[in-house]
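What follows is calculated from the coordinates using simple rules that are stated; it is not laboratory data. Just so it is clear, the structure is predicted and the values come from calculations on it, not from any experiment. Cβ: placed from backbone, ideal geometry, glycine included. Neighbour counts: every protein chain shown.
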Amino acid sequence: MIADPLEILLVDDSPADVDLTLYALRQASLASRVQVARDGEEALDFLFQRGAGAAQMPQLILLDLKLPKVDGLSVLRRVKSDPRTQTIPIVILTSSKEEKDVVKSYQLGVNSYIQKPVEFDKFRETVRELGRYWLRFNQSPPWPCASASPGHQQ
Amino acid sequence: MRRLRSFAGIPGPRWTACPFQTQRSLLTAGGSKKERMQFLRHLFLPDNFMPHGYCYLWAPGLIWLHAVSDSAIALSYMTIPVTLVHFTRKRRDVPFSWIFVCFGVFIVACGMTHLLEVYSIWVPAYWLAGGVKALTAAASVGTAILLIRVTPRALALPGTTWLLDLNRKLSAEVEQRVRAENECRSISEDLERRVAERTAELEAANQMLRESQLRYRALVEHAPEAIVVFGLETGAFLDLNTKAEQLFGMSRAELLRVGPVEVSPPVQPDGRRSSEAAMEQIRLAIEGGTPPFEWTHRNAAGLDIPCEVSFVRLPSSTHTLIRGSVVDITARKHAEEQIRTLNAELEHRVAQRTSELETANRDLESFTYSVSHDLRAPLRQVNGFSKILIEDFGPQLSSEARHHLERVRSATVHMGHLVDDLLNLARIGRRPLALRRTDLNALVEEVVETLQSDPRDRGVEWSIGLLSLVECDPGLMRQVFANLLANAVKFSRPCEHPRIYIGEIPGEFGPIFFVRDNGVGFDLRYADKLFSVFHRLHRDDEFEGTGVGLAIVHRILQKHGGAIWAESSPQKGAAFYFSVNDSRARPKVPAASLRGDA
């Protein structure tokens, strides 16, 4: 059995933002199993090239939109169209609140769209809430080849 | 007398031989002059007879009586014919004037006898006297006979009284006739006058007719279009005006030999044969006239001329006449062509402009997109790390350091608001209005509810009037109320009893809505840029704000075609009036300055 099943895949190109997010997650006790991808390509590589075992599939993907190489929406499309990964909840966490981004994201099947607040307090709260919601409250979909491991179900 | 007497006193026969014998021999034998003289002497002074004096015994009284009487008689007998001759001469019209001549002769002869009677008293020229008497007898017998023969005829001559009567009658008749003649004349004059009048009238009418004809002819001739008349039976032109000659390039005489089909190309531009298409149009014209239709003619030079033709049937009892008006629309077609070209150009240009605008819009979109992403991220990071600094390293920092970091943090927050507001403003400009009849009261209720969620504003007293339904974009109008009410709330927070009134007043062109508060107000002197971006009338430490809220409100209302204005004075609250659909709106009654109830 692989220990520490992956909880969150965080896809964000800005190291500062990554640090802030991890800080917030840590404060919310949600940062134990977090994988960071710095751009879309890394994210896809992570999900498709190495994702043999169910334990490697994250429970939640936090996806920024503005990414170099392969941008957020493309990652979203790719992930949601592949049967291996399409059930993974994806929350877009981005600075932009542009309507067209929101619309497109939902059209591609995103599970949630959250605008990162500028104020850090609010940002921290947002991260905590969404982490709690998706990792603790939400019933995660069972992985295709996974047996129910105790770490996932609460 | 003495000579006569003495002469007469010699008795004795001197002659006994008849002078007539001598006379006969004078006549026949052509006697000598001496014999003639002797004859005459014997006739006039015979010496063988006794003068009458002897009968009278030469009593002087008796002789004088006879001599004077006979002389008088002879004298008057002589003068009477003269008178008669004069009379006949003068009155040549007297019938039977020859009877007067007879009488004249007879009386002259009678006079002669009497004269000879007197002569005979002294000279016994009894053969002379007897001869003259015989002449006289002949004349008188003749005259008597003639007279008797003439008398019935003379009797038949109308008498004087009869004549006079006749004359009178004639006069009367003449008078009558004259009267009648006068009447006739006057009637005739009257008639003539009337005839003259009638003639004048007729002439005038004729003149008018001629003028009218000329006028109409002129109308036809000077009409800007070609006018033709043709008969259906022959198919040839019966009449045309000068313009038609010009249009078809043929003389009148030539045109009168042909018809409309001959001055058209065999096939019309739309492919129909001219003869058939023409018949079709003619048939329509007979039925009830045609609207103008396009037709291509061909003139004498072979040039095709696009025309606009309209047919109408002319009233005629004998023929089927069609009047056609033909307008050369070459220029018009050319103009149409030009218009089409220009339109195409215009559309092309519009398309160009539209694409330019679209490009500009897209640029703006990508700009705002970048802004929304790229500006916020660093802000957040600055904010985040400075907060972490404060939290994690607070104890190690001096209070001044902490204070500085705090200010860094709040600056980033402020900038975040600015970015949000600016993006909002830009977005409003781009979005098309989604107009709907909206219940503003519902909108206001929602906004108020949101505002009331802030605990600071629980004490605000809301007074919301009944608002009309308006045609607007509900999302944008919500923003208008959100901004205005948020402002009202913000600026009346210092008050003890903040009151906010929302209502509507009637305007000339539609309802005017207002939001009034009893807050701190502002000085109108500095308010000319009230609705501009970033312009603030209060300091940041008094009231926070980006200075974009009113600009957004103004932009939204502008997009709707409405208007907004404000009235305020320091410490007396502020009132914002706006109309949604009519930029001409102004309140009927200028709003009084507010008196704070607080």
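In plain terms, the chain from B:ASP392 to B:TYR526 could stretch by 43.7 nm, reckoned as 0.36 nm per residue minus the Cα-Cα distance.
Using the Cα centre of region B:327-392 as the reference point, and only Cβ charges (+1 on K/R, -1 on D/E), how large is the resulting charge dipole? Debye, rounded to the nearest 20.
Working: 9 positive and 12 negative charges, 16 e Å.
With Lys and Arg at +1 and Asp and Glu at -1, about 80 debye.
Might you report the magnitude of the Cβ-based charge dipole of the protein assembly as shown about its Cα centre, with Lys and Arg at +1 and Asp and Glu at -1, to the nearest 20 debye?
On the way: 90 positive and 89 negative charges, 1469 e Å.
In debye, rounded to 20, the protein assembly as shown gives about 7060.
Among B:ARG92, B:ARG376, rank each residue by its count of other Cβ atoms within 10 Å, from fewest to most, as a rough exposure measure. If you can, show how the numbers build up before the last one.
Numbers: B:ARG92 8, B:ARG376 24.
Lowest to highest Cβ neighbour count: B:ARG92, B:ARG376.
Computed from the C-beta positions of B:ASP439 and A:VAL102, the FRET efficiency with R₀ = 45 Å rounds to 0.95. Across peptide B:364-374, the mean count of Cβ atoms from other chains lying within 10 Å of each residue's own Cβ comes to 3. Helix B:399-430 and the longest principal axis of the Cα set of chain B meet at an angle near 30°.
Using the count of nearby Cβ atoms within 10 Å as a rough guide to exposure, how do B:MET112, B:MET415, B:MET279, A:MET57 rank from fewest to most? Show your work: numbers first, answer last.
Numbers: B:MET112 21, B:MET415 18, B:MET279 14, A:MET57 24.
Going from sparsest to densest Cβ surroundings: B:MET279, B:MET415, B:MET112, A:MET57.
Among A:LYS80, A:LYS66, A:LYS122, the residue with the largest mean-square fluctuation in a Gaussian network model of chain A, with springs joining Cα atoms closer than 10 Å, is A:LYS122.
Phi-derived couplings, Karplus 6.51 cos²θ - 1.76 cosθ + 1.60 at θ = phi - 60°, listed residue by residue for region A:111-122: 8, 7, 10, 10, 8, 5, x, 6, 5, 5, 4, 5 Hz, with x used for Gly and Pro. Applied to region A:61-73, the Karplus parametrisation 6.51 cos²θ - 1.76 cosθ + 1.60 on θ = phi - 60° returns per-residue 3J(HN,Hα) values of 10, 9, 10, 8, 8, 7, 10, x, 6, 9, 7, x, 5 Hz, with x for Gly and Pro.
Residue by residue along B:382-392, Cβ atoms of other protein chains within 10 Å of the local Cβ number 5 on average. Compared with the alpha-carbon gap, the fully stretched path from B:THR320 to B:SER370 is longer by 9.8 nm at 0.36 nm per residue. The modelled label-to-label distance for the pair B:ARG257/B:LEU342, using points 7 Å beyond Cα in the direction of Cβ, is 4.5 nm.
Amide hydrogen proximity for A:ALA37: with H placed 1.01 Å from N in the peptide plane, the residues at 5 or more positions away or on another chain lying under 5 Å are A:LEU10, A:VAL11, A:ASP12. Think of chain B as a dipole: +1 on every Lys or Arg Cβ, -1 on every Asp or Glu Cβ, centred on the Cα centre; then among B:GLN338, B:VAL515, B:ALA205, B:ALA205 lies furthest on the positive end. Taken over the protein assembly as shown, the ratio of Cα radius of gyration to 2.2 N^0.38 Å equals 2.87.
Of all DSSP beta bridges in the protein assembly as shown, what percent run antiparallel (nearest 5)? List each step's numbers first, then the result.
Details: 47 of 66 bridges.
Antiparallel: roughly 70 percent of the beta bridges in the protein assembly as shown.
Summing Cβ point charges (Lys, Arg +1; Asp, Glu -1) relative to the Cα centre of region B:167-282 gives a dipole of roughly 400 debye. For region B:391-464, a/c is not less than 1.5, where a ≥ b ≥ c are the root eigenvalues of the C-alpha gyration tensor, and a/b does not top b/c. That puts it in the oblate class. Annotation: the antiparallel percentage among DSSP beta bridges lying fully within chain B is about 90.
By how many nm would the segment from B:THR151 to B:MET37 lengthen if fully extended, with 0.36 nm per residue of separation less the alpha-carbon distance?
Numbers: separation 114, 0.36 × 114 = 41.04 nm, distance 4.54 nm.
Additional length available on full extension: 36.5 nm.
In this calculation the C-beta distance from B:THR161 to B:ARG217 is compared with R0 = 60 Å, giving a FRET efficiency of 0.15. Cβ crowding within 10 Å ranks B:LEU255, B:LEU364 as B:LEU364, B:LEU255, fewest other Cβ atoms first. Cross-link pairs exceeding 28 Å between alpha carbons, from the set A:LYS66/B:LYS387; A:LYS116/B:LYS529; B:LYS490/B:LYS559: A:LYS116/B:LYS529. For the segment A:91-98, counting C-beta atoms of other chains within 10 Å of every residue's C-beta and taking the mean gives 5.
Under a 5 Å amide H cut-off, with hydrogens placed 1.01 Å from N, B:CYS307 pairs with B:TRP295, B:THR296, B:HIS297, B:ILE329 among residues at least 5 apart or on other chains.
Between B:ARG273 and B:ALA200, the FRET efficiency estimated from the beta carbon spacing at R0 = 41 angstrom works out to 0.10. Applying the Karplus relation 6.51 cos²θ - 1.76 cosθ + 1.60 with θ = phi - 60° to region A:15-24 yields 3J(HN,Hα) values of x, 5, 4, 4, 4, 4, 5, 5, 4, 5 Hz, where x marks Gly and Pro. Return the loop-located GluC sites (Glu not before Pro) in region B:217-277 (DSSP other than H, G, I, E, B) with at most 14 other Cβ atoms within 10 Å of their own Cβ; answer none if there are none. When the GluC sites (Glu not before Pro) of region B:217-277 are filtered for loop state and at most 14 Cβ neighbours within 10 Å, B:GLU233 remain.
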